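J.: Below are the structure tokens for one structure; questions will follow.
The values are calculated or read from the model by the stated rules, or taken from the named source; none is laboratory data. On a predicted model such as this, the values are computed, not experimentally measured, just so you know. We work out accessible area using only protein heavy atoms, side chains counted, and drop any ligands, DNA or RNA first. Shrake-Rupley method; radii C 1.70, N 1.55, O 1.52, S 1.80 Å.
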Amino acid sequence: MAELNIDVLNTLNLISEDLGKAYEEGGYNPFEEGYGLSEEEVTKLLDSKKLIKPLVAPKFLDQNNKAVSKNFALSLENTQKLITSLESKLDARPDYVNELKENIIFLKNRRELLSRAIEKLKNINEDSFALYTMVYDIDPVLSPMLDKSFEEELSIDVLAYDLESNAKLKAKLKALKAQQIERQHELARQKLLEQEAKMEKNSQKLRREALAQFTAQTGLSPKPKAKKPASTEKTSARTEEKSK
């Protein structure tokens, strides 16, 4: 396997330790070539973790693990169909293509964890609820959209539309945030200019007051600055002209 990319590893570990293991053990990587982990992405992932809440186990988890694995396989099938559907829309969605890619990455991560869960469920003593939670918690905002994916074949077109709408909304919010930041920067620049103008005005006032005080105390006015002597070249030119 190729050398590990620390940014990919750290990102996957932030999403799920099992995804980090999948990368270390088998090279699983849902990101595009040249991926780098930014501070903004770290903040977003950590904020997402704050949204995680305790889950109530769905009834299908009351079955034995062999039966539960069939539910996980159905969810895996639904997830793969969604990936195919959203990937087919990428070229036609330039306004929010990056956000759509983010949702596809979510689905790919979900697919990977479902595949790993199915393998683990071959062990009759494996905790199926823990595996369900592992899959759900990678994105507590998007995961509820796929609640029914374990128990029925979903309407892929409808769910793909919902995921696309989510991507469009995220793009609008990101653009709005960028506008707000630019506005804040502009206000800060204006305030700085106003402060500089005020400081210059105060400086001129202090100079006038100092001049008035000097004049009152001495009866004299400061001498104006002497004019600079003409350059040597100009003086020489005048001298030569007179000698003619």
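J.: Measure out, as a whole number of angstrom, how far apart the alpha-carbon centroids of the stretch 1-40 and the stretch 76-127 sit.
T.: Each part reduced to its Cα centre gives a spacing of 16 Å.
J.: Among the listed pairs Lys44/Lys66; Lys53/Lys177; Lys70/Lys168; Lys101/Lys177; Lys89/Lys148; Lys66/Lys89, give every one whose C-alpha distance is greater than 25 Å. Before the final figure, lay out the partial values.
T.: Values: Lys44/Lys66 36 Å; Lys53/Lys177 27 Å; Lys70/Lys168 33 Å; Lys101/Lys177 20 Å; Lys89/Lys148 23 Å; Lys66/Lys89 36 Å.
Check vs 25 Å cut-off fails for Lys44/Lys66; Lys53/Lys177; Lys70/Lys168; Lys66/Lys89.
J.: Next question. Given the protein chains as shown and a 1.4 Å probe, how many square angstrom of Tyr136 are accessible, to the nearest 10?
T.: Solvent-accessible area, nearest 10 Å²: 40 Å².
J.: While we're on this one: Below 8 Å between Cα atoms, with a sequence gap of 6+, how large is the relative contact order for the chain in percent?
T.: Values: 167 pairs, mean separation 47.1, N = 244.
Relative contact order for the chain comes out at 19 percent.
J.: Additional query: Once Rg/Rh (Cα atoms, Kirkwood Rh) is worked out from the coordinates, which option in (i) 1.00; (ii) 1.30; (iii) 1.45 does it equal?
T.: (iii)
J.: While we're looking at this one, here's another question. For the stretch 1-142, what does the alpha-carbon gyration tensor say about shape, rounded, prolate or oblate, given a ≥ b ≥ c as the root eigenvalues, a/c under 1.5 as rounded, and a/b over b/c as prolate?
T.: Numbers: a/c = 1.66, a/b = 1.47, b/c = 1.13.
It is prolate, given that a/c is not under 1.5 and a/b is the larger ratio.
J.: Run the 1.4 Å probe and let me know the accessible area of Val158, rounded to the nearest 10 Å².
T.: For Val158, the solvent-accessible surface is approximately 80 Å².
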